[in-house]
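S.K.: Input: one structure, supplied below.
The values are calculated or read from the model by the stated rules, or taken from the named source; none is laboratory data. Just so it is clear, the structure is predicted and the values come from calculations on it, not from any experiment. Here the Cβ positions follow ideal geometry from the backbone for every residue, glycine too, while neighbour counts run over all protein chains shown. Ligands, DNA and RNA are stripped out before the accessible areas are found, and what is left, the full protein with its side chains, is counted by its heavy atoms. Shrake-Rupley method; radii C 1.70, N 1.55, O 1.52, S 1.80 Å.
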Amino acid sequence: MVKYFTLVLGSLMLLVISACASPGSNVTLTGQAWIATELDGESVLLDTTITAEFKDDGTLGGSNGCNRYNTTYTVDGDNIQINSPMASTLMACPDPVMAQEGVYMEAMEAAAKFEISGEELILFNEAGDALVTYTAGSNELAGTSWEVISYNNGKEAVVSVIIGTQITADFGEDGQLTGNGGCNSYFASYETDEDKITIGPAGMTEMACMEPEGVMEQEQLYLAALGMADVYRIEADSLQFRTAEGSTVANFQRSSAP
């Protein structure tokens, strides 16, 4: 009898362990940026990115496809309340994007329940209708490659990369950042801790480039900006560096190079 009881108990424990170890079972509401794939039953517009990042301290922020928003939220079991009104930046985007933004913000305010299955998060209203479907995004920087779109020039301005030049950033698994500054190859160490980043002093080769005009100054200003980075955020194919105070340091897009 004892032997039989032990066998049954062992089988039950295996079932519990197996259920807990199922793929994606360790994904929780907090700890990653969620990227929206469907909104009100329709796919999110191409070339727009809608995100939500739920913090352990009860704050919620992200992009609604045009503007950035932030608010607070509370959770009780699978019940969720996203508080309104939500603060938002005031950029203007094309009409379809603005219309999508309105639908998304209304959906967030109507959210009453949530469900996480694997790496998918769904927000529902009180009636049980799906409002927004997200997939878990990775905030892992190591092993990724990027191209710079714009950077802080140290004069309280964020400027675009000069046409005809390309600045790259490759974050190695070994904690080394390498890339091309538009003329020279550069290298530096980097460390991350959750969404915090520290980039060490950069070294570089010593080529001189005369064209296009301003390329050498751009390179120096970009490398100087890297040292200002305190926080990073990855949202789909976009990467942003900011200072601890929230000022933009640099904006990147994921590299299309093989």
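S.K.: Rank by packing, highest mean first: peptides 240-250, 83-93, with packing defined as the count of other Cβ atoms within 10 Å averaged across residues.
M.R.: The packing order, highest mean first, is 240-250, 83-93.
S.K.: Next question, about the same structure. Go ahead and run the numbers for FRET between Ala87 and Asp170, Cβ-Cβ distance against an R0 of 41 Å, rounding to 0.05.
M.R.: Step by step, r from the Cβ atoms, then E = 0.70.
S.K.: For a label point 7 Å from the Cα of Val231 along Cα→C-beta, name the residues of segment 175-194 whose backbone N is under 19 Å from it.
M.R.: Under cut-off, by backbone N: 191-194.
S.K.: Under a Cβ-only charge scheme (Lys and Arg +1, Asp and Glu -1), can you give me the dipole magnitude of segment 70-207 about the Cα centre, in debye to the nearest 20?
M.R.: Dipole size: approximately 560 debye.
S.K.: Can you compute the FRET efficiency between Ser160 and Thr28 using 1/(1 + (r/R0)^6), with r the Cβ-Cβ distance and R0 = 45 Å? Round to the nearest 0.05.
M.R.: It comes to 0.75.
S.K.: Who wins for biggest fluctuation among Gly143, Gly154, Gly164 in a Gaussian network model of the chain, springs between alpha carbons below 10 Å?
M.R.: The residue with the greatest mean-square fluctuation here is Gly164.
S.K.: Return one number: the angle in degrees, 0 to 90 and rounded to the nearest 10, between the long axis of the Cα atoms of helix 2-20 and the longest principal axis of the Cα atoms of the chain.
M.R.: 40
S.K.: State whether segment 115-244 is rounded, prolate or oblate according to the following rule on the C-alpha gyration tensor (a ≥ b ≥ c being the square roots of its eigenvalues): a/c under 1.5 gives rounded; otherwise a/b larger than b/c gives prolate, and the remaining case gives oblate.
M.R.: prolate
S.K.: Another question about this same structure. Quick one: P(r) of the chain from all Cα-Cα pairs, 10 Å bins, percents rounded to integers, in order of increasing distance.
M.R.: 6, 25, 27, 21, 12, 5, 2, 1, 0
S.K.: Let me ask something else. At 7 Å along Cα-to-Cβ for each site, give me the label-to-label distance between Asp57 and Glu106 in nm.
M.R.: Label-label distance for Asp57 and Glu106, simple model: 3.3 nm.
S.K.: A further question on this structure: What value, in deg cm²/dmol to 500, does the helix sum -39500 (n - 2.57) over DSSP H runs of n ≥ 4 give at 222 nm once divided by the residues of the chain?
M.R.: Value at 222 nm, helices only, nearest 500: -6000 deg cm²/dmol.
S.K.: Angle, helix 215-226 long axis vs. longest principal axis of the chain, Cα atoms, 0 to 90°, nearest 10?
M.R.: 40
S.K.: Same structure again: In nm, what is the difference between 0.36 nm times the number of residues separating Glu245 and Thr135 and their Cα-Cα distance?
M.R.: Contour length minus Cα-Cα distance gives 36.7 nm.
S.K.: Taking the highest mean first, how do the peptides 69-77, 113-121 order by number of other beta carbon atoms within 10 angstrom per residue?
M.R.: In decreasing order of mean packing, 69-77, 113-121 become 113-121, 69-77.
S.K.: Given a 1.4 Å probe, how much area per residue of the chain is accessible, in Å²?
M.R.: Roughly 57 Å² per residue, with all protein chains present.
S.K.: Still on this model: Assign unit charges at the C-beta atoms only (+1 for Lys and Arg, -1 for Asp and Glu), then state the dipole size of segment 122-173 relative to its Cα centre in Debye, rounded to the nearest 20.
M.R.: Around 260 debye, computed over segment 122-173.
S.K.: Ignoring any ligand, DNA or RNA, what whole percent of the accessible area of the chain comes from carbon and sulfur when the probe is 1.4 angstrom?
M.R.: 54
S.K.: If packing is taken as the average number of other Cβ atoms within 10 Å across a peptide's residues, how do 125-134, 40-49 rank, most packed first?
M.R.: Per-residue mean Cβ counts within 10 Å order the peptides as 125-134, 40-49.
S.K.: Placing +1 at every Lys and Arg Cβ and -1 at every Asp and Glu Cβ, with all other atoms neutral, what dipole size does the chain have around its Cα centre, in debye to the nearest 20?
M.R.: In total the dipole reaches around 480 debye.
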